[in-house]
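Q: Dropping a structure here in structure tokens format, bear with me for questions.
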Amino acid sequence: MAPRVAIIGAGFGGLCMAIQLERAGLSSYTVFEKAGDLGGTWRDNSYPGAGCDIPSHLYSYSFEKYASWTRRYPEQPEILGYLEQCADKYDVRRKIRFNTEVLSATYADASWQIRTAGGTETFDVVVISVGQLNRPRMPDIPGMDDFEGTCFHSARWNHEHDLTGRRVAVIGNGSSAAQFIPRIAERVEHLDVFQRTPNWVIPKPDAAFGPLTRLAFHYVPGLQRAYREWIYRYAEGTLYPALAQGWSTGLLKKRAMDHLEAQVPDPGLREKLTPGYPPGCKRVVIDSSFYPALTRSNVDVVTDRIVRVAAKGVETAEGLREADTIIYATGFRSTEFLSPIEVQGRDGVSLTRQWHSGAEAYLGISVPNFPNLFLLYGPNTNLGHNSIVFMIECQVNHVLSCLPYIRKHGTIEVRPEAMAAWTRQLEAAMGRMVWGNGCQSWYKTAEGRVTNNWPGPTTLYRRLTARPPLPAYSLG
Ligand code: NAP
């Protein structure tokens with residue numbers, strides 16, 4: 001009998017899993033989605049200017065290439081539209097339970113019990129694909145409740161609130177802020193950008209694809225594949241070595257410094273915007289309109305320490321900066337992974353307890369004590385240089401390659417020794433990478449353990465995940 005598969009989340013990962021199961025002729029799956037629509041991060045992040053800084057010809061499924069991207073770096077509506085088209089083409093919507101949040105997943109009597117507000121259902125396999133950046137992190141600044149104006153998080157944009165002519169405070173200056181600040185700066189009366197730590201910023205070589213180029217992508221055999229391959233190889237061959245502190249580290253820094261110099265004429269502002277840690281330690285911002293927005297006369301980059309949020313604005317060590325709107329671009333609870341879903345494995349083992357010193361999974365996919373449980377975009381599978389969709393496809397292929405063993409033996413579970421060896425290898429590889437020291441970032445826990453990023457080339461990850469390395473797993 002085909003295994004019953006529960007997929008949690010209908011973003012890039014969950015949809016990929018569902019589509020690949022359909023393509024493999026397996027329809028005994030259900031997708032649980034807590035929201036009313038699909039798309040994950042591309043549904044949630046609808047702020048002005050939201051988009052992907054990895055070109056979409058690569059940031060898309062390899063089995064569903066799309067010739068009609070309107071530009072190299074399309075914005076959120078186009079990416080969400082692509083996912084919707086994929087769901088429709090492979091007819092997976094019928095299998096998605098919208099507005100159904102999974103509260104817990106419990107392994108009992110050799111199967112998984114999935115509990116939602118509507119009841120409990122039994123499955124043989126669980127694939128959790130809830131992303132690393134799905135839960136907004138609100139900062140812990142005293143007085144936030146005292147603010148009398150309007151406030152919201154960048155990933156929960158308040159589209160009803162017109163920013164025209166307002167005094168706006170943006171807290172945070174990561175990739176999200178860098179995308180929406182240029183869009184709102186021209187509308188607001190005044191914008192204060194509260195920067196705690198500057199980011200390295202490199203240009204985004206965006207360009208529209210005209211009708212002829214799109215036709216060429218449609219009809220010239222091999223063109224799209226070659227373009228995709230070229231983007232992939234560039235990222236792997238040039239950006240990865242910079243993060244691994246290899247030959248291109250200096251080039252990345254020079255690119256960012258040249259960009260800063262070209263776009264910010266004021267030496268005082270340039271100094272404020274110059275990071276004091278190596279490029280790549282935090283996610284590099286890829287954007288060409290962020291710096292010009294910061295140089296506008298109605299925009300101030302505020303580096304004074306925030307003391308509290310007051311009724312009328314943001315109070316810093318230097319005094320009150322008045323605002324009628326605060327936008328928290330303060331990122332996500334990235335190291336909490338599957339939270340708040342309660343996951344219990346064999347013999348009542350709690351995943352939260354097992355992960356008390358940081359999330360870890362073999363290949364980023366499997367966890368000892370949790371048979372037939374698979375994670376997509378799990379611990380140590382995030383990238384700072386290439387497409388996450390590539391990683392997701394590797395993980396989905398891995399799950400597919402495990403299913404025949406589950407059919408034959410009932411269960412597949414990673415051995416604790418294999419997990420321990422994997423963790424040692426990761427730690428050794430992590431020592432080479434730029435994220436380790438010199439900065440705090442969403443890649444690591446407060447204690448400094450890098451739980452989010454993959455430290456190797458993605459080609460290696462593809463090789464490692466291609467099929468289940470059987471000695472690492474126990475069957476049945
Ligand atoms: P983020 O990179 O985590 O940035 C959060 C910002 O908020 C940082 O500047 C941080 O400062 C600041 N912050 C947090 N708490 C604060 C506090 N209490 N007081 C003052 N400042 C505070 O979040 P994000 O910009 O939403 O981006 C998250 C990730 O999403 C990105 O790194 C990227 O991987 C992804 N993303 C990608 C794209 C894309 O184009 N592909 C676009 C948007 C987002 P510190 O640096 O000092 O901590």
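The values are calculated or read from the model by the stated rules, or taken from the named source; none is laboratory data. Computed from a predicted structure; not experimentally measured. Quick reminder, even Gly has a Cβ in these numbers, built from the backbone with ideal geometry, and neighbours come from all protein chains shown. In case anyone asks, the SASA skips ligands and DNA or RNA and just uses the protein heavy atoms, side chains included. Shrake-Rupley method; radii C 1.70, N 1.55, O 1.52, S 1.80 Å.
Q: With everything on Cα atoms, drop me the angle between helix 12-23 and the longest principal axis of the chain, reported from 0 to 90° to the nearest 10.
A: Around 30 degrees separate the two axes.
Q: Also, I was wondering about something else. So how do Y219, Y61 rank on accessible area, 1.4 Å probe, biggest first, that is with the largest at the start? Kindly include the intermediate steps, with their values, before the conclusion.
A: Values: Y219 170, Y61 0 Å².
Descending order: Y219, Y61.
Q: What distance in nm lies between label points placed 7 Å from Cα along the C-beta direction at T116 and S350?
A: Each label point is offset 7 Å from its Cα along the Cβ direction, giving 2.5 nm.
Q: Ratio of alpha-carbon Rg to the 2.2 N^0.38 Å globular estimate for the chain, to two decimals, please. All intermediate terms of the calculation are to be shown ahead of the outcome.
A: Working: Rg = 22.8 Å, N = 476, 2.2 N^0.38 = 22.9 Å.
Against the compact-globule rule of thumb, the ratio is 0.99.
Q: Amide H to amide H under 5 Å from N453: which residues, 5+ apart in sequence or cross-chain, H placed 1.01 Å off N in plane?
A: Amide H to amide H, under 5 Å and 5 or more residues apart or across chains, N453 pairs with N380, N382.
Q: Output the antiparallel fraction of DSSP beta bridges having both residues in the chain, as a percent to the nearest 5.
A: On the way: 28 of 64 bridges.
Among the beta bridges of the chain, antiparallel pairing accounts for roughly 45 percent.
Q: If you don't mind, another one. What are the semi-axes of the equivalent ellipsoid for segment 111-247, taken as the square roots of 5 times the Cα gyration tensor eigenvalues, largest first, in whole Å? Provide the component values of the computation, followed by the final result.
A: Values: eigenvalues 242, 183, 77 Å².
Over the Cα atoms of segment 111-247, the semi-axes work out to 35, 30, 20 Å.
Q: Given R₀ = 41 Å, FRET efficiency for D206-S474 by Cβ-Cβ distance, to 0.05?
A: Numbers: r = 49 Å, r/R0 = 1.19.
About 0.25, to the nearest 0.05.
Q: I'd like the accessible area for M144: 1.4 Å probe, protein heavy atoms, all chains in place, Å² to the nearest 10.
A: Solvent-accessible area, nearest 10 Å²: 40 Å².
Q: Taking the solvent-accessible surface of protein heavy atoms with a 1.4 Å probe, what is the per residue accessible area of the chain in Å²? All intermediate terms of the calculation are to be shown ahead of the outcome.
A: Values: 20080 Å² over 476 residues.
For the chain, the solvent-accessible area averages 42 Å² per residue.
Q: How long is the gain from D109 to R94 if the chain were fully straight, where each residue apart is worth 0.36 nm and the alpha carbon distance is subtracted? Before the final figure, lay out each step's value.
A: Details: separation 15, 0.36 × 15 = 5.40 nm, distance 2.89 nm.
Value of the extension gain: 2.5 nm.
Q: Positive end of the charge dipole of the chain (Lys, Arg +1 and Asp, Glu -1 on Cβ, about the Cα centre): tell me which of T459, I114, A428 has its Cα farthest that way.
A: Of T459, I114, A428, it is T459.
Q: Oh, and also: Set Lys and Arg Cβ to +1 and Asp and Glu Cβ to -1, take the dipole of segment 147-282 about its Cα centre, and tell me which of P198, A208, Y232 lies farthest positive.
A: Projecting each Cα onto the dipole axis, the largest value belongs to Y232.
Q: Would you kindly state how much longer the chain becomes between D37 and Q425 on full extension, computed as 0.36 nm times their sequence separation minus their alpha carbon distance, in nm to one decimal?
A: Taking D37 through Q425 to full extension adds about 135.8 nm, to one decimal.
Q: Another one. Considering only DSSP beta bridges with both partners in segment 98-203, what is the antiparallel share in %, to the nearest 5?
A: Numbers: 11 of 16 bridges.
If we restrict to bridges inside segment 98-203, about 70 percent are antiparallel.
Q: Under a Cβ-Cβ cut-off of 10 Å, what is the net charge of the residues other than V168 that fall near it, where Lys and Arg count +1 and Asp and Glu count -1?
A: Details: positive: R166, R167, R187; negative: E189, D192, D324.
That sum, taken over residues with Cβ under 10 Å, equals 0.
Q: What do you get for the angle between helix 388-409 and the principal long axis of the chain? Use alpha-carbon atoms, 0 to 90 degrees, nearest ten.
A: On a 0 to 90 degree scale, this one is about 20.
Q: Another question, if that's okay. In the chain, which Cys residues have no partner Cys with a Cβ closer than 4.7 Å?
A: Here C16, C52, C86, C151, C394, C402 come out as lacking a disulfide-compatible partner, given the Cβ-Cβ threshold of under 4.7 Å.
Q: In whole percent, and with a 1.4 Å probe on the protein chains, what portion of the accessible area of the chain is carbon and sulfur? Before the final figure, lay out each step's value.
A: Values: 10100 of 20080 Å².
Accessible surface attributable to carbon and sulfur in the chain totals 50 percent.
Q: Based on the mean of other Cβ atoms within 10 Å per residue, sort peptides 295-302, 355-362 so the most packed one is first. It would help to have the intermediate numbers written out before the result.
A: Working: 295-302: 15.5, 355-362: 19.1.
Per-residue Cβ counts within 10 Å, averaged per peptide and sorted highest first, yield 355-362, 295-302.
Q: If you fit an axis through the alpha-carbon atoms of helix 416-430 and take the longest principal axis of the Cα set of the chain, what angle between them do you get, 0 to 90°, nearest 10?
A: Helix 416-430 sits roughly 30 degrees off the main axis of the chain.
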